[in-house]
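Student: Below you'll find the structure I mean.
Read the figures in this text as sums done on the coordinates, not as results from a lab. Predicted, not measured: the structure shown is a model, and the values here were computed from it. Positions of Cβ are backbone-derived with ideal geometry, glycine not excepted, and every protein chain shown enters the neighbour counts.
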Amino acid sequence: MRYIFYWILVSATSTLADKFSDNLYQLFAKDFRNENLLVSPFSVSGVLAMCYMAAEGESAKKLKTLLGFSEDKIKVAEKYQKWLGKVKMDYQVNYEGSRPLSPNYESLVKEYFKADSNIVPNRTEPVIKITTYWKFHDRIIKRILPKEISKALFKNNITLTDPWQYEFDAKNTKQADFKISENKTVPVQMMHQRNVFRAAYFSDLQATVVELPFHSRQMSLLLFLPNKVDGLWEMEKKISDFSEPLNTAEAILALPKLRYGWRLRISERLEELGLGPLFTNEADFNLFGNLSSKLGDIFQNVFLELKEKGAQSVPPSSQKDTPRSAPVVFSFNRPFAFLIKDESTTYFQGHVIDPSKINQVNME
């Protein structure tokens with residue numbers, strides 16, 4: 001499975017970074033209460049870390065305060081450099097205008113963010129793909145000095161290529177009803193897998209949590225199924241950075257087959273969180289030598305596909321000759337939420353309201 005995104009820091013600064021991530025997601029969850037959603041606050045924090053490398057004065061202070069960045073910018077860069085070894089993250093920097101990027105800044109982002117890397121299309125079909133585009137431009141008023149405008153376009157891709165640990169048998173994928181509200185159902189293709197899963201019910205969430213591991217086992221898809229069809233919104237307020245222990249149980253997992261693509265504007269939400277001045281002439285980013293710059297816009301292009309493909313077939317039961325009780329059934333046949341994370345970091349978060357809707361966008 002593959003992911004491309006713009007999506008937090010650990011250690012003592014993780015509290016502020018996690019709070020930023022959760023607050024950003026909650027803004028999207030509220031706006032998309034009746035629509036499918038996938039977003040990567042982790043990718044956004046990576047974008048803002050690159051911004052921080054060039055930030056001065058009040059701009060640097062706002063980023064430091066909101067995300068818990070260290071005063072030492074090199075330490076911040078080193079933290080994100082470590083993630084380059086865990087997930088495939090590619091940064092591209094392009095600029096236009098009469099002024100090139102500041103040599104110091106260009107050198108820093110190349111060394112720590114590998115921003116000069118060329119993105120080579122991966123032949124593996126993506127399961128999740130997120131690309132975050134963001135741009136800077138200088139603060140000179142265009143109508144006065146039109147030839148002096150300098151712009152920089154940044155592109156951050158996070159790519160994970162990893163199938164499920166165990167595949168869903170395509171022969172067991174069948175049409176079923178998905179209840180999007182108390183009074184409305186839609187037909188969907190529902191995948192089925194009988195296996196031993198890690199799962200548990202949590203009364204505080206009023207929901208069941210099921211883990212679906214990827215082949216490498218470095219990351220898992222955590223699925224959150226509310227008791228009630230209208231219980232998603234209240235549950236989502238409580239699942240940020242979920243890390244509770246799960247039990248093991250033989251079960252049948254029924255999961256909708258999904259395919260979506262859409263475009264999210266990140267800038268407006270960052271303004272709501274207190275970063276509005278970074279998009280105005282009050283901003284102070286040193287990208288073009290001695291000329292101050294401001295943030296232009298930030299978008300995430302998102303692609304999500306959940307399908308049967310796995311690395312292995314489901315293993316036969318070791319208790320074949322022993323009488324067994326009927327397996328538990330986890331049927332995700334109503335709105336549910338999900339996280340994609342490893343043991344310490346949430347990379348992607350979202351929810352499914354209506355699996356029958358496809359909103360494809362150009363991901364280039």
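Student: Tell me, what ³J(HN,Hα) does each residue in the stretch 238-248 have, in order and in whole Hz, if you take phi through Karplus 6.51 cos²θ - 1.76 cosθ + 1.60 with θ = phi - 60° and put x for Gly and Pro?
Tutor: 10, 9, 4, 6, 4, 8, 6, x, 10, 8, 10
Student: Extending each Cα 7 Å along its Cβ direction at residue 311 and residue 248, get the distance between those two points in nm, one decimal.
Tutor: Once both label points are built, they end up 1.7 nm from each other.
Student: If the only charges are +1 at each Lys and Arg Cβ and -1 at each Asp and Glu Cβ, what is the size of the charge dipole of the stretch 12-82 around the Cα centre, to the nearest 20 debye?
Tutor: Its charge dipole is roughly 80 debye.
Student: Another question about this same structure. Can you give me the long-range amide H partners of residue 259? Hydrogens built in the peptide plane at 1.01 Å from N, cutoff under 5 Å, separation of 5 or more residues or another chain.
Tutor: Hits under the 5 Å cutoff: 306.
Student: Beta carbons within 10 angstrom, averaged per residue: use that to sort the peptides 208-218, 339-349, 37-47, highest first.
Tutor: Final packing ranking: 37-47, 339-349, 208-218.
Student: Each residue of the stretch 41-47 in order: what ³J(HN,Hα) in whole Hz does its phi give by Karplus 6.51 cos²θ - 1.76 cosθ + 1.60, θ = phi - 60°, with x for Gly and Pro?
Tutor: Per-residue couplings from phi come out as x, 4, 5, 4, 5, x, 4 Hz.
Student: Follow-up question, since we're still on this one. How big is the dipole moment of the stretch 181-318 about its Cα centre under a simple scheme where the beta carbon of each Lys and Arg is +1, that of each Asp and Glu is -1, and everything else is neutral? Debye, nearest 20, please.
Tutor: Taking the Cα centre of the stretch 181-318 as origin, the dipole is about 660 debye.
Student: Can you compute 3J(HN,Hα) from phi for each residue in the stretch 54-60, using the Karplus curve 6.51 cos²θ - 1.76 cosθ + 1.60 with θ = phi - 60°, rounded to whole Hz and x for Gly and Pro?
Tutor: Once θ is set to phi - 60°, the couplings for the stretch 54-60 become 9, 6, 10, x, 5, 5, 5 Hz.
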